[in-house]
Amino acid sequence: MEQQENLSVVLYERNDLRLEKRPIPEPGHNEVLLKMHSVGICGSDVHYWQNGGIGDFVVKKPMVLGHEASGTVFKVGSGVQHLKAGDRVAIEPGVPRENDEYCRTGRYNLSPTIFFSATPPDDGNLCRYNSHNANYCYKLPESVSFEEGAMIEPLSVAIHACRRGGVTIGSKVFILGAGPIGLVNLLVSKAMGASQIVICDLSLNRLEKAKQMGASFTIAVEKSTNPKELGQKVKDALGGAMPDISIECTGAELCMQAGIYATKSGGVLVLVGMGKPSANIPVLDVAIREVDIRGVFRYCNTWPEAIAMLASKRIDVKPLVTHRFPLEEALEAFKKTKEGVGIKVMLKCDPNNQNP
Ligand code: NAD
Ligand code: ZN
């Protein structure tokens with residue numbers, strides 16, 4: 001028998017995370033009601049829990065967390081044509097509300113009024129049942145697991161970053177940070193044809209993981225490392241060449257500086273990491289050597305490509321999932337994530353199917 005409760009992970013305010021039962025929503029005209037299966041915990045979920053906000057996004061009323069998700073269609077709204085009950089789907093959390101100039105030019109991630117799961121005030125999908133715009137639910141082929149489906153969200157950040165950086169066949173890429181986001185950038189750079197990939201981090205464990213996942217060179221960094229010297233180490237690792245593209249995935253000022261020094265003249269530094277609102281960076285070096293600095297805000301137009309790459313086994317995100325907890329143990333899972341356990345922690349929302 002189907003369970004009729006909707007256990008949800010709700011953030012009330014800073015440091016007040018609760019598991020509570022909420023009503024099961026009815027899908028709207030263009031929505032599907034989803035029975036959630038796998039939801040990854042993102043650094044931003046932990047950040048909202050610990051700090052009650054990120055920049056201008058402040059938790060002012062209880063909000064369901066979670067935005068790296070997959071599930072099964074349980075019920076379809078009256079206007080939904082392309083999905084039916086039983087379809088397995090991956091969920092894109094960002095749904096534009098208006099057909100504004102950003103939508104019309106294909107960059108809907110920049111739409112200021114976009115709905116985004118688990119960004120206040122919009123609820124996320126760390127629950128048993130959730131409704132979502134059907135056009136932003138993508139059917140998964142049988143060969144792609146629910147967890148791979150959930151990993152499409154962080155993978156999308158990397159697809160967008162590598163597109164913004166212009167990674168292509170033969171590129172030499174420097175990735176700063178080997179957390180989940182640095183590691184998906186490693187996977188995507190490789191898949192887009194990068195010839196050599198250097199990655200740095202403070203954590204030796206994470207560098208070991210990066211090595212296993214195909215990094216050409218790893219560089220251990222300390223908080224006191226000189227950014228110019230780090231740039232030189234990257235050049236040494238590449239046999240005297242400088243990276244065409246650097247992808248900053250830490251948010252640390254030192255890494256932004258190193259990303260500039262390391263990148264070859266005329267190359268690109270992509271800023272994915274989000275740290276302090278302002279940073280001290282060597283602007284003269286940027287100007288004189290024409291290093292293009294490009295921002296990244298989430299992603300757009302990535303789910304179909306990500307599904308194709310997972311289905312064809314050209315990208316393997318499975319090694320990133322290191323821990324799993326049933327939804328009932330969500331608070332424990334959040335504590336473990338905060339402590340920095342493993343790489344990606346998955347919550348399993350369906351009590352009758354806890355498989356990957
Ligand atoms: P994470 O905290 O798990 O990983 C960051 C990694 O950077 C860690 O392994 C850490 O050891 C390393 N690091 C920190 N300071 C360093 C330093 N000085 N030198 C070298 N390495 C250092 O985070 P994550 O989930 O991998 O996300 C990475 C960043 O990307 C975060 O800042 C996050 O906010 C940001 N992010 C941005 C977007 C976007 O849309 N732009 C989307 C998702 C995540
Ligand atoms: Zn996220």
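The values are calculated or read from the model by the stated rules, or taken from the named source; none is laboratory data. Not measured: the values here are computed from a predicted model. As a convention, Cβ positions derive from the backbone with ideal geometry for all residues, glycine included, and neighbour counts pool all protein chains shown. To get the accessible areas, we keep the full protein, side chains included, count just its heavy atoms, and leave off ligands, DNA and RNA. Shrake-Rupley method; radii C 1.70, N 1.55, O 1.52, S 1.80 Å.
Tabulated data for the structure shown
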| item | result |
| --- | --- |
| Qualifying positions in segment 266-286 - open to solvent by less than 70 Å² (accessible area, probe 1.4 Å) and over 19 Å from the mean Cα position of the chain (by Cα) | G266, G267, V268, A279, I281, P282, D285, V286 |
| Pairs where the first residue, in segment 186-202, is closer than 16 Å to V268 by Cβ and the second is assigned to a strand (DSSP E or B) and among the polar types (S, T, N, Q), C-beta under 8 Å, 6+ apart | V198/T218 |
| Enumerated strands (runs of 3 or more DSSP E) restricted to segment 1-120, each holding at least 2 residues that are over 30 Å from S143 (Cα atoms) and more than 16 Å from ligand 2 (Cβ to nearest atom) | 6-13, 16-22 |
| Residue satisfying all of: in segment 71-124; of a type in the set (D, E, K, R) and in contact with a helix residue (DSSP H, G or I) (Cβ under 8 Å, 6 or more places away or on another chain); farthest from R164 (Cα to Cα) among these | R88 |
| All positions within segment 125-140 that are touching a helix residue (DSSP H, G or I) at 6+ places or on another chain (Cβ under 6 Å) and either under 13 Å from H37 (Cβ atoms) or buried (at least 24 other Cβ atoms within 10 Å of the Cβ) (or both) | L140 |
| Conditions (1) within 19 Å of Y299 (Cβ to Cβ); (2) in contact with a strand residue (DSSP E or B) (Cβ under 7 Å, 6 or more places away or on another chain): number failed by G55 | (2) |
| Conditions (1) away from ligand 1 (no atom under 16 Å from the Cβ); (2) in contact with a His (Cβ under 8 Å, 6 or more places away or on another chain): number failed by D45 | (1) |
| Every pair of residues 6+ apart whose Cβ atoms lie under 8 Å, when the first sits in segment 64-93 and is free of Cβ contacts under 8 Å to residues at least 24 places away in the same chain while the second is open to solvent by 10 Å² or more (accessible area, probe 1.4 Å) | K84/V76; A85/F74; A85/K75; A85/V76; G86/T72 |
| Test: residue in segment 344-354 that is surrounded by fewer than 15 Cβ atoms within 10 Å (Cβ to Cβ) and either closer than 30 Å to N205 by Cβ or among the basic types (K, R) (or both) | no |
| Any chance T250 is among the hydroxyl-bearing types (S, T, Y), in a loop (DSSP other than H, G, I, E, B) and open to solvent by 30 Å² or more (accessible area, probe 1.4 Å) | yes |
| Some residue of segment 284-307 being away from ligand 1 (no atom under 12 Å from the Cβ), among the hydrophobic types (A, V, I, L, M, F, W, C) and within 22 Å of S203 (Cα to Cα) | no |
| Members of segment 167-186 found to be in a strand (DSSP E or B) and either near ligand 1 (Cβ under 9 Å from one of its atoms) or within 18 Å of the chain's Cα centre (by Cα) (or both), listed by number | I175, L176 |
| Contacts under 8 angstrom Cβ, first residue in segment 333-349 being free of Cβ contacts under 8 Å to residues at least 12 places away in the same chain, partner β-branched (V, I, T) and in a strand (DSSP E or B), 6 or more apart | none |
| Per-region count, segment 141-166, residues away from ligand 1 (no atom under 16 Å from the Cβ) and crowded, with 22+ Cβ neighbours inside 10 Å | 5 |
| Matching residues in segment 60-81 - criterion: being surrounded by fewer than 22 Cβ atoms within 10 Å (Cβ to Cβ) and among the β-branched types (V, I, T) | V64, T72, V76, V80 |
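Okay, residues lined up against (1) outside any strand (DSSP E or B); (2) among the β-branched types (V, I, T); (3) more than 30 Å from N226 (Cα to Cα):
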{"position": "E147", "(1), (2), (3)": "yes, no, yes"}
{"position": "A161", "(1), (2), (3)": "yes, no, no"}
{"position": "V188", "(1), (2), (3)": "yes, yes, no"}
{"position": "C200", "(1), (2), (3)": "no, no, no"}
